[in-house]
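In what follows, a structure is listed as structure tokens, so that the remarks can point back to it.
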Amino acid sequence: MEIILLCVFGVLFVTLAAMVLGKSRGGTCPPGPSGIPFFGQAFSLSVNSAHLQFSEWARQFGDIFMFSMFGTKVVVLNSPDLIKKAFAGKELALKLSDRPPSFIGHYVANGYKDILFRRYDELCSKFKALTLKAMYTVRDENQDFESIQMAEINDYVRNIADNDGDFTGKRLEDDDPALQAIASFDEVGNELINPAVHLVFKVAPWIRYLPGYYGNLYRKVMTSKESLRNDLVNTLKSQLQDDSVSLLAELFKLQTTETWLTDDHVLGVVMDLINTSTLTSRGVLSGILFLLVHHQQVQTRIRQEIDDVIGQEKQPTADDMYRMPFTYACILETLRYQSHLALTATHTNAEENIEIEGFRPTRFLQEDGSLLTETSELRHSYFMPFGVGFRSCMGVKTAYSRMFLFVTALLRNHELLPPSSGSLPSSDPRELAPGTVLQAPDFTCRVVSR
Ligand code: HEM
């Protein structure tokens, strides 16, 4: 089996994993690289591209290995079976679903009043279930949901071609203070969540009071957070009407029965969803665009499918994806091949005969051209870009429909061609721009109308 990645758990969580998994292996700790006393691998591991180092160690030490950093043991799992056993198995899943204590959870999320950074206690499980229900209610009951999403995507496609989530239930204008607050939190929040930066805050939380880079970043994060509170959460709450259908409106309505659900929790959801959805969406959308420029024949086949199933008259809808197996397979293959969240999910498999290198969407198709079913070995056992178990992604549906609508809206009227001068960077996934979410490298392409 060739492993690209794996699962890494943060500090406390990791120690727990080491103990639990170590115990189940007869009390011995997993093998791994030795490092200098106390610091362990702290100075030799690049936090932004740790997944490449882990792939190397996986080849050396096997399916489960352990290393230490600043006295904390980190366990890395690198087989789909082990990952499922740890996170979705009856015996261990609940024990291994906590998140480690974090600077962001403590200081930014008002003492873990959110989902992403909270340990998996009873309240976290309830909070996640209620928020998911609210997300689905909005999708099902807000008639405008799909057209709002499509308007955003068309706007984006127009921007690309002309280059010479929805919290509120309505489309935000560019100069809306709420949109500016979201954009600002996205920017500074992503900087803070970068593991290398977050580690400094975690080890020395007092650094937030000092002048200089860290203090300034913290102050910017807190200012954006207060803008989100005032311009988004408080404003929407003051305008709430009985027939409002939006995620925040659903959460505000729940406050009448769920007395623990304070405005800080609602703000926590907003910050979580900005943190989890914008950077990932940017990664997967720019990633698929990049691969399409590299693979002209894949574009041609998708365009053929668009012509056959959607045509030129109607707008694509999220449901069209299920009638377009090749386009769907292309989305799955992009998630597998680029493995954007390399450190919390795997896109690998145990079969010698399925290559990890090479972008080949047809691996997700059956011989008759239909999509592999969800119960097929590849999709069921080895494909887990959204994580598994209690902490798995809350945005799976949104992510799929966003990728599908973006690809179809872009390719139905345009061809993506390599730049006329210069060359495209390599599409090797090991050369993606490093970070919490791997991103396509900077590239240029020509967008030509059909
Ligand atoms: C293709 C894009 C995306 C990918 C690849 C992705 C992947 C992931 C992964 C791997 C996790 C961690 C699972 C774990 O810890 O075991 C996660 C968590 C999460 N994702 Fe996504 N995600 C994507 C888009 C989104 C979107 C659009 C949203 C919001 C609408 C979202 C919301 C969340 C939340 C809230 C969590 C934390 C859940 C928890 O802590 O219990 N994600 N995602």
Legend entry - Subset tally (residues that are in contact with a strand residue (DSSP E or B) (Cβ under 9 Å, 6 or more places away or on another chain), buried (at least 20 other Cβ atoms within 10 Å of the Cβ) and basic (K, R)) for the stretch 76-109: 0
Inset, instruction - Inspect the stretch 437-444 for any residue being assigned by TED's automatic domain parsing to the domain that holds Q149 and within 30 Å of G89 (Cα to Cα) and give the result as yes or no. - result: yes
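Looking for something surrounded by 15 or more Cβ atoms within 10 Å (Cβ to Cβ) and more than 15 Å from L248 (Cβ to Cβ) - is there at least one such residue anywhere in the stretch 162-169?
no
Restricting to the stretch 196-210, give me the number of residues that are more than 19 Å from R99 (Cα to Cα) and β-branched (V, I, T).
Initially, the stretch 196-210 is screened for residues more than 19 Å from R99 (Cα to Cα), giving 204, 206-210.
Still in the running and β-branched (V, I, T): 207.
Residues in the stretch 196-210 being more than 19 Å from R99 (Cα to Cα) and β-branched (V, I, T): 1 in total.
If I ask for residues that are more than 9 Å from the ligand (Cβ to nearest atom) and under 25 Å from I274 (Cα atoms), which ones from the stretch 384-413 would you list? Full working, then the answer.
Filtering the stretch 384-413 down to residues more than 9 Å from the ligand (Cβ to nearest atom) leaves 401, 404-413.
Hits for the stretch 384-413 are S401, F404, L405, F406, V407, T408, A409, L410.
Could you tell me which of the residues L335, L341 is in a loop (DSSP other than H, G, I, E, B), near the ligand (Cβ under 9 Å from one of its atoms) and buried (at least 20 other Cβ atoms within 10 Å of the Cβ)?
Numbers: L335 fails: in a loop (DSSP other than H, G, I, E, B).
Step by step, each of L335, L341 is checked, and only L341 is in a loop (DSSP other than H, G, I, E, B), near the ligand (Cβ under 9 Å from one of its atoms) and buried (at least 20 other Cβ atoms within 10 Å of the Cβ).
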Legend entry - Residues located in the stretch 427-447, provided they are touching a helix residue (DSSP H, G or I) at 6+ places or on another chain (Cβ under 7 Å) and assigned to a strand (DSSP E or B): Q439, V447
Inset, instruction - Working carefully through the options L424, L416, L410, find the one that is more than 18 Å from the chain's Cα centre (by Cα), part of a strand (DSSP E or B) and not assigned by TED's automatic domain parsing to the domain that holds K90. - result: L416
Legend entry - In the stretch 41-62, residue surrounded by the most Cβ atoms within 10 Å (Cβ to Cβ) [restricted to those that are within 19 Å of D81 (Cα to Cα) and among the hydrophobic types (A, V, I, L, M, F, W, C)]: F54
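Among I115, I104, which is under 28 Å from N190 (Cα atoms) and part of a helix (DSSP H, G or I)? Quick ask: steps written out before the conclusion?
Details: I115 fails: part of a helix (DSSP H, G or I).
On inspection, the qualifying residue turns out to be I104.
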Legend entry - For R303: the one exception among (1) under 24 Å from T398 (Cα atoms); (2) basic (K, R); (3) surrounded by fewer than 17 Cβ atoms within 10 Å (Cβ to Cβ): (3)
Legend entry - Candidates F290, F326, F252 - the one that is within 16 Å of the ligand (Cβ to nearest atom) and among the hydrophobic types (A, V, I, L, M, F, W, C): F290
Legend entry - Looking only at the stretch 104-133, and only at residues there that are touching a helix residue (DSSP H, G or I) at 6+ places or on another chain (Cβ under 6 Å) and modelled with pLDDT under 95, the one that is nearest to the ligand (Cβ to nearest atom): L116
Inset, instruction - Go through the stretch 142-156 and give me each residue that's closer than 18 Å to E250 by Cα and surrounded by fewer than 16 Cβ atoms within 10 Å (Cβ to Cβ). - result: Q143, D144
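The values are calculated or read from the model by the stated rules, or taken from the named source; none is laboratory data. None of the values given here were measured: they were computed from a predicted structure. For neighbour counting, all protein chains shown are included, and Cβ atoms are generated from backbone atoms with ideal geometry for every residue, glycine included.
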